[in-house]
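In what follows, a single structure is set out as structure tokens and then discussed.
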Amino acid sequence: MKKQKKECFGGFNPFDLLSEEIIFMILDLLHRNPLDKKSFSLVCKSFYATESKHRRTLKPLRQEHLPAILCRYPNITHLDLTLCSRVTDASLSIISNACTSTLRSVDFSRSRLFSTSGLLGLALNCKNLVEIDLSNGTELKDSAMAAVAEAKNLEKLWLARCKSITDLGVGCVAVGCRKLRFVCLKWCLGVGDLGVGLIAVKCKQILYLDLSYLPITNKCLSSVLKLQHLEDLVMEGCFGIDDDSLAVLKHGCKSLKSLDVSTCQNITDSGLSSLISGAEGLQQLTLAHGSPVTSSLADCLKKLSLLQSVKLDGCLITYDGLKTIGNWCLSLRELSLSKCLGVTDEGLSSVVTKHKDLRKLDITCCRKITDVSVAHITNSCNFLSSLRMESCTLVSRKAFGLIGQQCHLLEELDLTDNEIDDEGLKSISRCSKLSNLKLGICLNITDEGLIHIGRGCSKLIELDLYRCAEITDLGILAIAQGCPGLEMINIAYCKDITDRSLLSLSKCSCLKTFESRGCSRITSLGLTAIAVGCKELSKLDIKKCHNIDDAGMLPLAHFSQNLRQINLSHSSVTDVGLLSLASISCLQNITILHLKGLTPSGLAAALLACAGLRKVKLQAAFRWLLPHRLFEHLEARGCMFQWRDKVLQVELDPKCWKLQLEDPMP
Amino acid sequence: MDLKERLSGELQKKVPEHPSFTNFNTQHQQKWEDPSILDYSTRIEPPFHVFNQTSQTQSSLPRNPNNQIKVLGQDGPVNETLLANKVQDWDPSAMLNNLSFLEQKIHQLQELVHLIVGRRGQVLGRPDELVAQQQQLITADLTSIIVQLISTAGSLLPSVKHTLSAASPSIGQFGQFGGVVFPSGQGLNGGVQPQSAGGSRISEQPNSVDVSSNSGNEQNHIIEEHELKDEEDVEEGENLLPGTYEILQLEKEEILAPHTHFCTICGKGFKRDANLRMHMRGHGDEYKTPAALAKPNKESSSEPTLIKRYSCPYAGCKRNKDHKKFQPLKTILCVKNHYKRTHCDKSYTCSRCNTKKFSVIADLKTHEKHCGKDKWLCSCGTTFSRKDKLFGHITLFQGHTPAIPLDENKGSAGPSDHRGDGNQATNKVGSMNFNFSSNVSSEGGVQSSVDVKGSIDDPAGYFSPLNFDTCNFGGFHEFPRPPFDDSENSFAFLLSGSCNYSQKSGED
């Protein structure tokens, strides 16, 4: 950017020679960091105009800006309103008037306060609207669906958690939007067989259908399975579907590629076999939290020759079941056995030795497995890219060396609550592709191991060091220097960490999430460094950082304009600091418990000033100290209050904490 | 009023409208061209050939309004003979009526023959068939006259009457009789044949007993046809095998007669049980025992009787045995209700809503129980008491969409900035919005839904859900409204009563 600027000032602008198309192509490449485009548009008037014409997607911070920004960007196709918690009908009419035929996709999943008339205007004016996300619209009624039904070209419709809509509303959509291909009705508790049946009858093009937690039975299932193009069917937690009703279905859906029947406790192998009969192209199957996985269930999946991914999280698994899975002739790419009871070394070994192509393996909380399993996994599954083995407590510290030796392609590794030590980390540092490493509650690791990680894993994006008590500034320094792309770091309860770590981390300009709960040695100075260096910071948790005060809030308010979520509980922040945060326009969630310096009037002023607030966690005492009308007003603006009344607890030493954690277990 | 008198009176009135020969002829020609019939006739043995063709023609007659007289003419004697059973003493005026009716009939026939003679030279093409048809037509008419004559005479002579009414397989008698009198009666020969083939059960039909042999033949033969047809393509709907049940078809008048007692064998209805028992005697000696006559206790079903199924007399109806996908009706009551619901005017209007009309009084009573509680409304204005019925309706019709109850609350608007700048689109939005939200203030949900209904003059609005219940969609082929492809239309009516939105919104 700076280069371009210089050339501009030199009197000759090489961009004058470039056609708009070429500049557009250059702009297309500036997608990683949204701030890059902003810088580009600030160069000169012509750049500003070019960038305005180029932009296709927009994520405004407030609805108040909509008239201006929609005027500036005429070619918007995708409008993401997730940062605007308040979107009124007036805003919708502005949108529908500004983006008439260009708009193709709108996301209202985090917005409230709009109603039927606004949606109707949008549907009528924006003829080319293809996608609407109305998830979490708990206040939307059937009339709103009737309005949506006017969007005749709609292909994708997300209605998750629209609890007030009923069969009638879905019926309107089914009749109106005949081109629908992606439909999500998750948690729409008012929708039953009739609505789902009608949508399946009327919208023949449906490709993706999410019916999770709907009170449906097999009545609608027969018409759903007749959909010719259905590839992805999600029926999580449909308790109304059982074996008896599935037995009626003689034919399955041939086009089906992915099926999710997790938490459908009434489906066993016999029901499942009739559900997947004919679905020979099935690639993904999720049976989490369902009936026990026995050899008969595993046998009935044998016929699916294209199966790539099986998720059995939370199921009871027998040894025979695992053995039968091991005997399938195909080779799975993804297997998830997290929290499965009954996973033993023998069973797991028989699976992993056969499925050598496994890319993702999840054995979270399979507490019975030992080094034997890890040896088998590392020996046969050399292509593993993701291994999640939180709380496999019987695995000894030696076994982790094998992971680093054999699985070089690992990108995601979850070792939370394991016995891994520095030797293990040294071995793991060979996985140069590692981007996500979770080492929470690994009490055996020290700076030494972390330095190896910092040297070896330069692509690290997420690092979790929750309650790794031995870690100090040295280790964090190594990470900050070795992993410039770090986006998320959790150093909660690493008590020895000081401002030096934060100063070094401020070089990681991509940092988005920073959590340092209970790091009592860090001060406002360190936080200032983070605020200045990490402009993209969007989540900040400084709970129990007693030494952070208003001096840390001021730079935060000034620099971290992308901050969306902050937890200030138990810090030394007062009214002034809180009030200053109001200048962060996209701040949505704040948690302010046990702030000694907070007065009711200061709180009221701060709450009124933060116009974009969506969720506030407050001490219950404030409920009675502030006028009720204030809360009513704030709630009308789209803010939700959560009242907490918890007594302050003394912080425990990490080791004690872990012992306490393990104590109640037999 | 005496039924006989009424009938004959009607007959006399309608006589002048007797179908002219030309009329009949053209229709007949059309029928002949019909490929399905041609196709069908090839399957039949040569002796049946001509007859079969005629019976087809005649079975299609009731469609033509002019031809109603034909049916009446055949039915007249039925009722007369029936009455003859009851009325023991001789009624001179009735006799006079009968005689004058006969006179008329003979005159008609005379005219017909005249016409045939006159046209003989003109008609080319298929002279053979034409001659056969004409012959048959005349034979049929003559037979009818003879039967009429005999029945008239029967009322004079008790002995004759007895044989007529009691001896059930008298069709054979008539057939032979006809055969003797008209040696050239090709049709009659044909008519006898199916009887011998169709066997005992056909001959038990009262229609074929009492009605002129013409109509009797027709019926017998149609049954025969059905059986033949069914041997080829297996019926799917019910599990009954084609040959295993017997099809009975009541005539329209019989269906509409206010009978409450029905013969378990032939399905004939009576007002009084005593008359039914009297009628039962005609079905065989076992019904003549004092026990059978004494009490209407219907036991003694020791012998395996054929299952009976019923056919609707309305040609073209799916419940009609000539329909390709014939679905028989199970009981007489089914026939009655089906016929009234599907092929009759809906004369009973609900006194509460003044909108819903019914042809079966029981349906009206059922409706009145729920009237006013219909909360499931379709965009076409039809209301349903049950949600699944509404969704069944919407599944069936293109463009119909569920109408959202008007009393549904509008989502709470923003605190202050609800009104946008009043450009055109916003206005449009506002006015469109009305039908969902702003009606709340003015009227209650139910009342306004009635208003909506009243505002459309669309026959579709009057379709009662009962039509769907009976699975009869025959009537919908003539659906008078253009198909509902354009759902703008279906929304439009909601808007029609709702133009005052902007005013209202301005007020608040």
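Data overview
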quantity	calculated
Among residues of region A:293-334, those that are assigned to a strand (DSSP E or B) and crowded, with 22+ Cβ neighbours inside 10 Å, counted	3
Lone qualifier among A:G281, A:G240, A:G271 - being in contact (Cβ under 8 Å) with a residue 24 or more places away in the chain and in contact with a Lys or Arg (Cβ under 7 Å, 6 or more places away or on another chain)	A:G281
Selection from region B:379-406 of residues that are in a loop (DSSP other than H, G, I, E, B) and either out of contact with any His (no Cβ under 8 Å at 6 or more places or on another chain) or within 10 Å of chain A (Cβ to nearest Cβ) (or both)	B:S379, B:G381, B:R386, B:F397, B:Q398, B:G399, B:H400, B:T401, B:A403, B:I404, B:P405, B:L406
Of the criteria (1) more than 8 Å from chain B (Cβ to nearest Cβ); (2) touching a strand residue (DSSP E or B) at 6+ places or on another chain (Cβ under 7 Å), which one A:S101 fails	(2)
Selection within region B:387-403 - in contact (Cβ under 8 Å) with a residue 24 or more places away in the chain and out of contact with any Gly (no Cβ under 9 Å at 6 or more places or on another chain)	B:K389, B:G392, B:H393, B:L396, B:F397, B:Q398, B:G399, B:H400
Residue check, A:I471 crowded, with 19+ Cβ neighbours inside 10 Å and part of a loop (DSSP other than H, G, I, E, B)	yes
Some residue of region A:175-183 being more than 9 Å from chain B (Cβ to nearest Cβ), touching a Cys at 6+ places or on another chain (Cβ under 9 Å), surrounded by 24 or more Cβ atoms within 10 Å (Cβ to Cβ) and not in a loop (DSSP other than H, G, I, E, B)	yes
Some residue of region A:74-93 being within 22 Å of A:V191 (Cβ to Cβ), of a type in the set (G, A, S) and buried (at least 22 other Cβ atoms within 10 Å of the Cβ)	no
All positions within region A:393-450 that are among the aliphatic types (A, V, I, L, M) and on the phi > 0 side of the Ramachandran plot	A:I441
Within region B:338-358, considering residues that are crowded, with 20+ Cβ neighbours inside 10 Å and in contact with a His (Cβ under 8 Å, 6 or more places away or on another chain), the one nearest to B:K318 (Cα to Cα)	B:F358
Selection count, region A:335-364, where residues are crowded, with 23+ Cβ neighbours inside 10 Å and in a loop (DSSP other than H, G, I, E, B)	5
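Let's see how each residue does on (1) at pLDDT 95 or above; (2) under 26 Å from the mean Cα position of the chain (by Cα); (3) of a type outside the set (A, V, I, L, M):
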| site | (1), (2), (3) |
| --- | --- |
| A:H452 | yes, no, yes |
| A:I461 | yes, yes, no |
| A:D464 | yes, yes, yes |
| A:C468 | no, yes, yes |
| A:L477 | yes, no, no |
| A:A480 | yes, yes, no |
| A:L486 | yes, yes, no |
| A:I489 | yes, yes, no |
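The values are calculated or read from the model by the stated rules, or taken from the named source; none is laboratory data. Remember, predicted model here, so these are calculated numbers, not experimental data. Because the Cβ atoms are built from the backbone with ideal geometry, glycine has one as well, and the counts that use them run over all protein chains shown.
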